[in-house]
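Report on the following structure.
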Amino acid sequence: MPGSRRRREVHMERVLGTPALFATAYGNVGSSIYYALGVTASFALGLTPLVFAIAGVIFAATAASYAESTVRYPEAGGSSSFARHAFDELVSFGAAWSQALVYVVTIATSAFFVPHYLAVFWEPLRTNPWDIVGGVVVIVALVALNVVGVQEAARLSVILAVVDFATQVLLVVMGVVLVFSPQVLVDNVHWGVAPTWSNLAVAIPIAMLAYTGIETVSNLAEEAREPARTIPGAIKLVAIAVFAIYLTLPLVALSAMPVERIDGELTTLLGLPPEQGGYANDPVLGIVDNLGLHGAFLDAMQVYVGLLAATILVVATNAGVIGASRITYSMSSYRQIPEIFRRLHPRFKTPWISLLVFACIAPILVILPGNVTFVGTLYSLGATLSFTVAHASTIALRVRRRDAELLYKSRPNLRIGAVDWPLFAIFGGIATGLSFVVIVVQNEVTRYVGLGWIVAGLVGYLVYRRYVLHLPARDTVKAPPAFGAALALEYRRILVPIVPGRPSDDALDLACRLAAERGARIIALTVLEVPLELPLDVPLPEEERVANDELDEAVAIGDTYGVRVMGRLVRGRSASTEIVRVAERRNAEIIVLGSPRKSLVDRRRGVFGTTVDRVLRRAPCRVMIAASTTGVAA
């Protein structure tokens, strides 16, 4: 392709706007309905709807913390990233290690329930040992595909998420029409007896299984063009949608499968294992079976829901595999775990060791006992700890960086002195912290396995930092770029600042050729410089329109090279400062800048122009200059 490219009007969909972010995130968060409903009902019985409502309020506070902190630091890592900025590397490791546990259990749980829904075709898949075998097969297959480097189709995931949400709404509507009974729901409640108070206390943190995948939205911040505008909206939509489904579908389920005395105990088929005739392993199929449907329509609904649930759970498993490899790769890059975990396969250029250990071996070990309750409580332990760190980080950032300009601030807040105290984070942190304590106290096996994971990780981290790296445990230190045989790693992420004009065109062409050769991806960055006398969030519609047109064209040009280009639009006071900041947050290995060739007279003001010269002095990575014969330097 020639260095000079024609301007083209490109009016294309910005894939990761708020609706697409919502659909992508719901595909992960919404998948949990297929197992969380049964696991929670086994503890909460007739109070299952109330438990999900309480967990939903806690999640709303958690979502608010994630929305604010993700906009503040739009980078992958979630609570680990927040903790790094709010505290230090030791706390960041604790959050990251908890996330790793969550991803391990997410993989195990999602894969373990795939065979349960495929049992509509072969009944033995509902129970041990065949559900274990099926889950292991799913994990091994997906890890193998990720090692080879087969990518998930983003558009297909969005379509599946929409179909999934529509199906859940359909089941709610059918249930309300066919079986919903307020009187039955009232009769289901036996305070202090069924469930007992201790089981009710455990049920609330277990219900947080419903919010598997909230870290997904945080990680997708890297994919969003304008995180300050799209991330909060997407998180709110996910929270509202999940809360609505988890409030209404349990009402239908407990109307269809009420609490009754079975073998001398008050229980519900929704929470009983299949060996006792229950639906704990496939709760949504249990709803279908108990709606009063008959004949061919019932058979068709069973097959449809079974196939859809299995497909959604496979997608969720794959998201967990990707998440596990990303978080461990990031931990290795920040010298939290040995560098071997970011080593790439010599042929496929994927972190195969990380995938093998954290996305294959560890989840299989979690699946092997074949215990649904153990999997659920272990997930809750890791998730509640990670959420607590996220809340604490939000509070600490409000205090320590009280004068920082925020593009988005969650509410409600209470102004005391110079600090806007985030009431949502304070409430959420107390709630998730207490939930963590309840899980640890009430579940012996989960206590030993979960705390064992955390303690082993902390000991390993301290030993690795002190005796291998000879570094302080609290210092943030990034591993240097790989060279030699691992050179392909060096250019996995290329940052290209975009402004109207020939120099940026030439820089993008150069970056696309480099990315095509090395299988890298490009972050096309446009900075809207906001004058100091104006607030950062001041409306700039014309500037945003021009910037988005430039980014759209960059994405289209990347397509012609077969290269993935992600557009990013940020606001700041200085273009050079924002370029350096994005390079640091995105772990860019090289920045490709466009600059016009300058005459000897011009060079008295800087060789390449003010912005380029400042980036050259402060960049955290290599910088390549694409010199053009025309144009104006910034």
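The values are calculated or read from the model by the stated rules, or taken from the named source; none is laboratory data. Not measured: the values here are computed from a predicted model. Every residue, glycine among them, receives a Cβ derived from its backbone with ideal geometry; neighbour counts consider all protein chains shown. Accessible surface areas use protein heavy atoms only, side chains included; no ligands, DNA or RNA. Shrake-Rupley method; radii C 1.70, N 1.55, O 1.52, S 1.80 Å.
Would you calculate the separation in nanometres between label points at THR577 and TRP191, each defined as 7 Å from the Cα along the Cα-to-beta-carbon direction?
Each label point lies 7 Å from its Cα, and together they span 5.7 nm.
Where does the stretch 386-433 land on the Kirkwood hydrodynamic radius, alpha-carbon pairs, in angstrom?
Roughly 10.9 Å, rounded to one decimal.
Tell me, Kirkwood radius of the chain from alpha-carbon pair distances, in Å?
With all distinct Cα pairs of the chain included, I get 25.7 Å.
List the extent of the Cα atoms of the stretch 405-524 along each of their three principal axes, largest first, rounded to whole Å.
For the stretch 405-524, the Cα spread along each principal axis is 62, 44, 28 Å.
Quick one: if the Förster radius is 25 Å, what FRET efficiency do GLN183 and VAL441 give, using the C-beta to C-beta distance and rounding to 0.05?
The calculated FRET efficiency here is 0.10.
Using the heavy atoms of the protein chains alone and a 1.4 angstrom probe, what is the accessible area of the stretch 244-314 per residue in square angstrom?
37
Measure nothing but the geometry: give the 0 to 90° angle between the long axis through the Cα atoms of 89-118 and the longest principal axis through the Cα atoms of the chain, rounded to 10°.
50
With r defined as the distance between the Cβ atoms of THR476 and VAL546 and R0 fixed at 45 Å, what FRET efficiency is calculated, to the nearest 0.05?
0.80
Work out the P(r) tail for the stretch 265-348: percent of alpha carbon pairs separated by more than 20 Å, whole number.
For the stretch 265-348, the fraction of Cα-Cα distances above 20 Å is 59 percent.
Helix-derived [θ] at 222 nm for the chain: sum -39500 (n - 2.57) over DSSP H runs of at least 4, divide by residue count, nearest 500?
My calculation for the chain gives -19500 deg cm²/dmol from helical runs alone.
Separation between the VAL419 and HIS294 pseudo-spin-labels, each 7 Å from Cα along Cα→Cβ, expressed in nm?
Modelled inter-label distance: 6.6 nm.
Of all accessible surface on the stretch 379-437 at a 1.4 Å probe, what whole percent is carbon and sulfur?
On the stretch 379-437, the fraction of accessible area on carbon and sulfur atoms equals 64 percent.
Enumerate the calculated ³J(HN,Hα) couplings along the stretch 432-437 in order (Karplus 6.51 cos²θ - 1.76 cosθ + 1.60, θ = phi - 60°), each rounded to whole Hz, writing x wherever the residue is Gly or Pro.
6, x, 5, 4, 4, 5
Using only the alpha-carbon atoms, how far is helix 502-518 inclined from the longest principal axis of the chain? Give it as 0 to 90 degrees, nearest 10.
50
Quote to one decimal, in nm, the extra length available between GLU517 and SER198 on full extension: 0.36 nm per residue of separation minus the C-alpha distance between them.
108.9 nm
Just want to confirm a number: the relative contact order over the chain, from Cα pairs under 8 angstrom separated by 6+ residues, in percent.
Worked out over the chain, it gives 21 percent.
Going by alpha carbons, how many degrees (0 to 90, nearest 10) lie between the helix axis of 295-333 and the longest principal axis of the chain?
40
Which value in Å is the Kirkwood Rh of the stretch 311-371 over different Cα pairs?
With all distinct Cα pairs of the stretch 311-371 included, I get 12.3 Å.
Efficiency by 1/(1 + (r/R0)^6): what FRET value for ILE426 and VAL303, r their Cβ-Cβ distance, R0 = 51 Å, to the nearest 0.05?
0.60
Which of the aspartates and glutamates could a cross-linker bridge to LYS349, judged by Cα under 20 Å and excluding same-chain residues fewer than eight apart?
GLU152, GLU339, GLU490, GLU517, GLU589
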